[in-house]
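For reference, the structure is listed below as structure tokens.
The values are calculated or read from the model by the stated rules, or taken from the named source; none is laboratory data. These numbers come from a predicted model, not from an experiment. Don't worry about glycine lacking a Cβ; one is built from the backbone with ideal geometry, like all the others, and counts go over all protein chains shown.
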Amino acid sequence: MSEQAVTVEAFHHHDEEGTRLGFWLFLFTELLLFGAFFIVYGVYRSAHLNDFKIAAESLNTGIGTTNTIILLASSLTVVLSLNAMRAGRVKLAKTMLLITMALGTTFLIIKGFEWNAKFAHDLYLQTSGAIAAGKGSPLLTPGPEMLPNGQVLFYGLYFIMTGTHALHIIIGAVWMGIVYYWIAKGSINPENVGVLERCALYWHLVDVIWIFLFPLYYLVA
Amino acid sequence: MNVNYNPPSVFAQDVDFAFWFIAYVSLFFLVFITGFIIFSIIKYNRKNNPVPSNLHGNTGLEIVWTIVPTILVMLFFYFGLQGFLKMRNVPKDAMEIKVDAGMWWWKFTYPNGLEQNTAQGLTVPADTPIYLPLHSDDVVHSFYIPAFRVKMDVVPKAAGAEDNYTWFEASQIGDFDLFCAEYCGLNHAQMITKVHVLTKPDYLAWLEEQSAGFLKQKAENPGQALITSKGCFACHSSDGTKLIGPSFKGLFGKTEIVVTGGEEREITVDEAYLKTSIMEPGKDIVKGFQPLMPPLPMTADEVMAIIDHIKELSE
Amino acid sequence: METANSTNYFNSHTGSRWTSGIMSWLTSTDHKRIGVMYGFTMFTFFFLAVCLGFLIKLQKFYPAASGWEIIPVEWYGSFFTLHSVIMIFLFIVPGAPAVLGNFFLPLQIGAKDVAFPRVNLLSYWLYLFGAIMAVVGILLGGADTGWTFTPPYSVTTRTISMFGTQFDSVSWMLTAAFILGWGTILTGINFIITIHRMRTKGMSYFKMPLFSWSIYAASWIQVLATPVVGITLLMIVLERMMPVGFFDPNKGGDPILFQHLFWIYSHPAVYVMILPSMGLVSEIIPTNSQKPIFGYKSIAIASCSIAGVGYLIWAHHMFATGMSDVASIIFSFLTFFVAIPTAIKVFNWIATLYKASIALTPPMLFALGFVFNFSIGGLTGMFLGSLSTDIHLHDTDFIVAHFHYTMFGGAAFGIIGGIFHYFPKMFGKMYSHKLANATFGFMFTGFNALFIPMFILGFYGMPRRYHTYPDIPLFTTLQQASTIGSWILVIGVILMFVTWIHGLRKGQISNEENPWNSSTLEWQTASPPTLYNFEEDPVVTRHPYDYDAFRAEVKAGTSKGARDE
Amino acid sequence: MNSNEQTFSPRGPIIVFSALIFLTIATVMLSGLDIGNIGALIIAMSVASVKAGLVLYFFMHLNHEPLIFKLFVALAFVTLATLFLLTFSDYAFRGIA
């Protein structure tokens, strides 16, 4: 081949709508990913209805409701941030973005306290200190110190599903921080809101998932 | 191996009818497709036919080859369903033989308590429906008798969940292969035994002869019975031969080097050690062996009976 | 190529600081370079897996009683697992879409690149990283779960390392599969958006070539099914590392639920593997027949309906697991509906040959070989969709033969035929047709000799994944026939590599844009294609396979045809 | 999406937010009612679906997007629903407890 190789500027193709459509497709993959969790939850709930109810009683509906409202409020602020940016009010957009991040962090802190309370009651994944110590031997004979199967499954799913959700909140909040920095730098501006828009879409999706997680864990008791 | 053109069990004819029906229809289409390709290659070769037509399609033909396959596959479905319904509906008067599968053994438990292991095989009377509940405590196995067209996975289930089942009715005397058909680890290919089909009188005589000895031994030496029925001999010999695991012969009281969590230490085989090894097999591995033993759910009494028998073998 | 100083993708590229050397490839966002890189990586792994397959067959040359042992029993599980993981996750799933799809989808629809070139490069990196992780992991630890990772075995197995190391290669490999999954998801998103947003002027949906249609259908499966299996595999990792028990019966879990979630992805995934190959065959057959493909629209719609129905039939892999009888009957019924669009496609392909002007070029041989093999694969699938026969044949060598007929005789023959078809366009060189024909001869003969005996073995009850087999004369004869077939097939595979390497190094330089005289758009650019694919954006005015119009264009000089015509 | 929203008005989003809060409180209250398992599940899931719909349609601006976006969203949800339905064709007829 020719020795005089030349590098050419990356092919620029501005298609805001196409990019957004692509981002929606990505959001569907997130939806289907949680979908698998929801299927597992649905199957085990139908099999262990009473255990699921008993276990769900140990979750605090008040905390769950508070967190739902916090997340909904953060959805509001992020949409306001986007609208403000579109209307050219950069400062307002930045403020709203900061509030969103703060609300996300509050959500995580409350979630952390909630988890901590469960750990204190030994409701660690395996649900019992005695059993937790025997980890690595998954075929231990069930004994009296162990919770019924249905409750074990409930707590396992609770920790994994809310944990995965919290991970998404963290990713969203970090992304928002980066977006904030870009707004401050000016690379995101009223003429170029694409990244802010996608960040907001992601945040809303995380909210949508919580909208389903909330009744399934806090309201089924 | 018994490969019978007229398979020796009750619903096998249905399976084979569906099989050969699909096979002939498939063969017809395969011959047609291949023949047409070869015909075209010769007739419409570029040399023979340098100017192609500009044929885009033909709606009538398209409709034909949508409808014809639809009808055929619905027939395939119907014939498959027929056999399946027979497979899943166990006759009321069926005799129950419990099947347990483990890594890498079979155990068959008769209504009177008689147990048969992999070496002995499954002995059944002819012309009698046999109902087989399938139980596993470790991993998924699959109970497969090719000659009878019988197969069902042996799936470990949660407490309270129903075990899988299957049934068959042998219509011919003889020995037939019984395989494990689901990959279950190292000795998957050794999880093979035989089904012995006897006439009814022969079966009754066999049952009486076997049961008397077995039940007596079980009462006298529960440990040995357990070791046999739990399949321990698949990996642990009683004569000093080194198999997958250490031999039981001379084991008790022996000094061994074991690996615990990556560190080697020297121990003496005592009751406490044996108990740990049975309940948590991955914990202390005797040097030179692989951590392969599956934990088997057992009561404390059963564990003690086994330890007692290992002591006997060591004397 | 018109001028010596024109820029093609070999001497200029986009998105990278490096101007030459391997880094200029590894960091380029040019879809053509990414496609070629996928090709090289993928066929390297393919060769490794072929070697493993060869050893697995050799192991079965003599029955158990002979004491014959090529692969120690401790390693056998790892061998077939590695063989299947490489073939499925590293070869066939990315095969046609990532290599030929990346290279030719933008060319076929007249686009400059894919919609997200940088995401495309990220997909390749994820693929490379996941692939190395899987292969290294399994070599260090020797995971022996099979590619289906069925619990509880996949949770409890503490595998025996080939090198005596303690290494949790099962978790490692599951994580690798998760990463590979994200690579395919991103590729899928990229292709869907490319097709929706970047078709050139006049390229309406029903003027797209059929390969693009098949890529479109396959991409939807990648996007909507892969996340399900991704998270399911991670649940197994969690079970191995933490005391949770989603699928552990001792903690109330149901192992069969894993199989549902696994097949929710893995059944549609077989259509990710086969659809693009069907698309390639739909390109090769009309080109070498010099006439329009028969029933263009019904093939395009059949691609989409195969993808759609493919979602509804996953549990036909589970008739013998003890799921509810109702579910078995529903899934068996639905399964047959995927047979109908498949049958339509096969009939359309052979009808295209009618009154054609057939040239038996190497790609055409592979395409016709595909039709034959895939017909066998599809028809034997009928036995497995039908309930009672599936119960008997499930988990035997019959299944192994069936899916090799669809995946190797089908998908891989399609990919290899596709590469022979597009080789002159990708590299601007022509391989030796004699070598290519010999490749086909050995591969086709060897493949059929290898797998036809396995149908019979399966019918007589030989279970799959057996390290050895009982000493039954019928088994021994058939196994030996099959093993000898594998030798012929391996010669074919080696010849294939020889043909390609010879073609790349010594092949006659052919700057012909359209050596096969094909009517579709990708042949109208230079060979190898220029940097942004087309000198100016092409405008499409006719049906992609309208050969009468195409011949008129060539005569009028508005389209490029084969030089010798 | 229209980029011709030149003036900023928080009114629309705040109305949607108020509806979401109302529905949240309503679903918590309704969960206290004794209407059986299936009934409670149907109510909780219906309310959640309405909330998710509001977020998708207004906050995520589906209302301003072309038809293709709506078709894609529908396809994703239909897929998920199908997976649920077919999985339960097994579990609804089988005891796994």
Of the residues that make up segment A:81-88, is at least one modelled with pLDDT under 95, surrounded by fewer than 23 Cβ atoms within 10 Å (Cβ to Cβ) and more than 9 Å from chain D (Cβ to nearest Cβ)?
no
Quick check on segment C:428-438. Is at least one of its residues part of a helix (DSSP H, G or I), within 21 Å of C:Val36 (Cβ to Cβ) and not hydrophobic (A, V, I, L, M, F, W, C)?
no
Looking at the structure I just gave you, is A:Leu213 part of a helix (DSSP H, G or I), within 14 Å of chain D (Cβ to nearest Cβ) and hydrophobic (A, V, I, L, M, F, W, C)?
yes
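Hey, among the residues in segment C:19-31 that are assigned to a loop (DSSP other than H, G, I, E, B) and more than 7 Å from chain A (Cβ to nearest Cβ), which one's modelled with the lowest pLDDT? Lay out the reasoning, then the answer.
First pass over segment C:19-31, keeping only residues assigned to a loop (DSSP other than H, G, I, E, B): C:19-21, C:27-30.
Remaining after also requiring more than 7 Å from chain A (Cβ to nearest Cβ): C:21, C:27-28, C:30.
Values: C:Gly21: 76, C:Thr27: 86, C:Ser28: 86, C:Asp30: 88.
Among those that are assigned to a loop (DSSP other than H, G, I, E, B) and more than 7 Å from chain A (Cβ to nearest Cβ), it is C:Gly21.
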Of these, C:Phe333, C:Phe372, C:Phe319, which one is in a helix (DSSP H, G or I), aromatic (Phe, Trp, Tyr), farther than 26 Å from C:Phe423 by Cβ and at the interface with chain B (Cβ under 10 Å from one of its Cβ atoms)?
C:Phe333
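Considering each of C:Pro515, C:Pro528 in turn, give the residue that is touching a residue at least 12 places away in the same chain (Cβ under 8 Å) and more than 30 Å from C:Thr445 (Cβ to Cβ). Break it down into steps so the answer makes sense when it comes.
Numbers: C:Pro515 fails: more than 30 Å from C:Thr445 (Cβ to Cβ).
Just one listed residue meets the conditions, C:Pro528.
Say whether the condition of being in contact with a helix residue (DSSP H, G or I) (Cβ under 6 Å, 6 or more places away or on another chain) and part of a helix (DSSP H, G or I) is met by at least one residue in segment C:64-79. Even if it seems obvious, please write down each step before you answer.
Quick first cut of segment C:64-79, residues in contact with a helix residue (DSSP H, G or I) (Cβ under 6 Å, 6 or more places away or on another chain) only: C:70-71, C:79.
Narrowing the set further to residues that are part of a helix (DSSP H, G or I) leaves C:79.
Yes; the residues of segment C:64-79 include at least one that is in contact with a helix residue (DSSP H, G or I) (Cβ under 6 Å, 6 or more places away or on another chain) and part of a helix (DSSP H, G or I).
For every residue, the table says whether it meets (1) closer than 24 Å to C:Phe370 by Cβ; (2) surrounded by 17 or more Cβ atoms within 10 Å (Cβ to Cβ); (3) out of contact with any Gly (no Cβ under 9 Å at 6 or more places or on another chain); (4) β-branched (Val, Ile, Thr).
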residue	(1), (2), (3), (4)
B:Pro7	no, yes, yes, no
B:Val15	no, yes, no, yes
B:Phe21	no, yes, yes, no
B:Leu27	yes, no, yes, no
B:Ile38	yes, no, yes, yes
B:Tyr44	yes, yes, yes, no
B:Asn48	yes, no, yes, no
B:Asn58	yes, no, no, no
Check C:Leu58, C:Leu100, C:Leu126 and return the single one that is within 14 Å of chain A (Cβ to nearest Cβ), of a type in the set (A, V, I, L, M, F, W, C) and either in contact (Cβ under 8 Å) with a residue 24 or more places away in the chain or assigned to a loop (DSSP other than H, G, I, E, B) (or both).
C:Leu126
Only one of B:Asp127, B:Asp153 is touching a His at 6+ places or on another chain (Cβ under 8 Å) and of a type in the set (Asp, Glu). Can you tell me which?
B:Asp153
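Quick check on C:Ser298: is it part of a helix (DSSP H, G or I), at the interface with another protein chain (Cβ under 9 Å from one of its Cβ atoms), among the small types (Gly, Ala, Ser) and surrounded by fewer than 24 Cβ atoms within 10 Å (Cβ to Cβ)?
For C:Ser298, the condition - part of a helix (DSSP H, G or I), at the interface with another protein chain (Cβ under 9 Å from one of its Cβ atoms), among the small types (Gly, Ala, Ser) and surrounded by fewer than 24 Cβ atoms within 10 Å (Cβ to Cβ) - is met.
Return the only residue of A:Leu103, A:Leu33 being modelled with pLDDT of 95 or more, more than 10 Å from chain D (Cβ to nearest Cβ), under 16 Å from the mean Cα position of the chain (by Cα) and part of a helix (DSSP H, G or I). Break it down stepwise before answering.
Details: A:Leu33 fails: modelled with pLDDT of 95 or more.
Criteria check complete, one pass: A:Leu103.
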Residues that are outside any loop (DSSP other than H, G, I, E, B), in contact with a Leu (Cβ under 8 Å, 6 or more places away or on another chain), surrounded by fewer than 24 Cβ atoms within 10 Å (Cβ to Cβ) and in contact (Cβ under 8 Å) with a residue 60 or more places away in the chain: does segment C:192-212 have at least one?
yes
State all residues of segment B:284-315 that are surrounded by fewer than 16 Cβ atoms within 10 Å (Cβ to Cβ), of a type in the set (D, E, K, R) and within 26 Å of C:Thr156 (Cα to Cα); if no residue qualifies, say none.
B:Lys287, B:Asp301
Scope segment C:434-455; condition among the hydrophobic types (A, V, I, L, M, F, W, C) and surrounded by 18 or more Cβ atoms within 10 Å (Cβ to Cβ); matching residues:
C:Ala436, C:Ala438, C:Phe440, C:Phe442, C:Met443, C:Phe444, C:Phe447, C:Ala449, C:Leu450, C:Phe451, C:Met454, C:Phe455
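Could you list all residues from segment B:216-235 that are under 22 Å from B:Ser136 (Cβ atoms), small (Gly, Ala, Ser) and either assigned to a helix (DSSP H, G or I) or in the same structural domain as B:Gly185 (by TED's automatic domain parsing) (or both)?
Residues satisfying the conditions are B:Ala225, B:Ser229, B:Ala234.
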Cβ pairs under 6 Å, 6+ apart, first in segment B:1-17 and part of a loop (DSSP other than H, G, I, E, B) and of a type in the set (Phe, Trp, Tyr), second modelled with pLDDT of 85 or more and surrounded by fewer than 20 Cβ atoms within 10 Å (Cβ to Cβ)
B:Phe11/B:Lys86
Selection within segment C:131-147 - surrounded by fewer than 19 Cβ atoms within 10 Å (Cβ to Cβ) and β-branched (Val, Ile, Thr)
C:Ile132, C:Val136
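Can you say whether B:Ser211 is assigned to a helix (DSSP H, G or I), of a type outside the set (Asp, Glu) and in contact (Cβ under 8 Å) with a residue 60 or more places away in the chain, as far as the supplied structure shows?
On the way: assigned to a helix (DSSP H, G or I): yes; of a type outside the set (Asp, Glu): yes; in contact (Cβ under 8 Å) with a residue 60 or more places away in the chain: yes.
Yes, satisfied.
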Suppose we keep only residues that are facing chain C (nearest Cβ under 9 Å) and of a type in the set (Asp, Glu) within segment B:122-153. Which one would you say is nearest to B:Arg88 (Cα to Cα)?
B:Asp153
For segment B:242-257, enumerate the residues that are more than 17 Å from B:Gln290 (Cβ to Cβ) and assigned to a loop (DSSP other than H, G, I, E, B).
B:Phe248, B:Lys249, B:Gly250, B:Leu251, B:Phe252, B:Gly253, B:Lys254
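Results for (1) modelled with pLDDT of 95 or more; (2) touching a Ser or Thr at 6+ places or on another chain (Cβ under 6 Å); (3) more than 8 Å from every other protein chain (Cβ to nearest Cβ), shown as yes or no for each residue.
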| position | (1), (2), (3) |
| --- | --- |
| C:Ile293 | no, yes, yes |
| C:Ser324 | no, no, no |
| C:Ala327 | no, yes, no |
| C:Ala343 | no, no, no |
| C:Met364 | yes, no, yes |
| C:Leu368 | yes, no, no |
Going by what's in this entry, would B:Asn49 be described as assigned to a loop (DSSP other than H, G, I, E, B) and within 11 Å of another protein chain (Cβ to nearest Cβ)?
yes
Segment B:69-87 - residue that is farther than 14 Å from C:Phe333 by Cβ and at the interface with another protein chain (Cβ under 7 Å from one of its Cβ atoms) and, of those, nearest to the chain's Cα centre (by Cα):
B:Met87
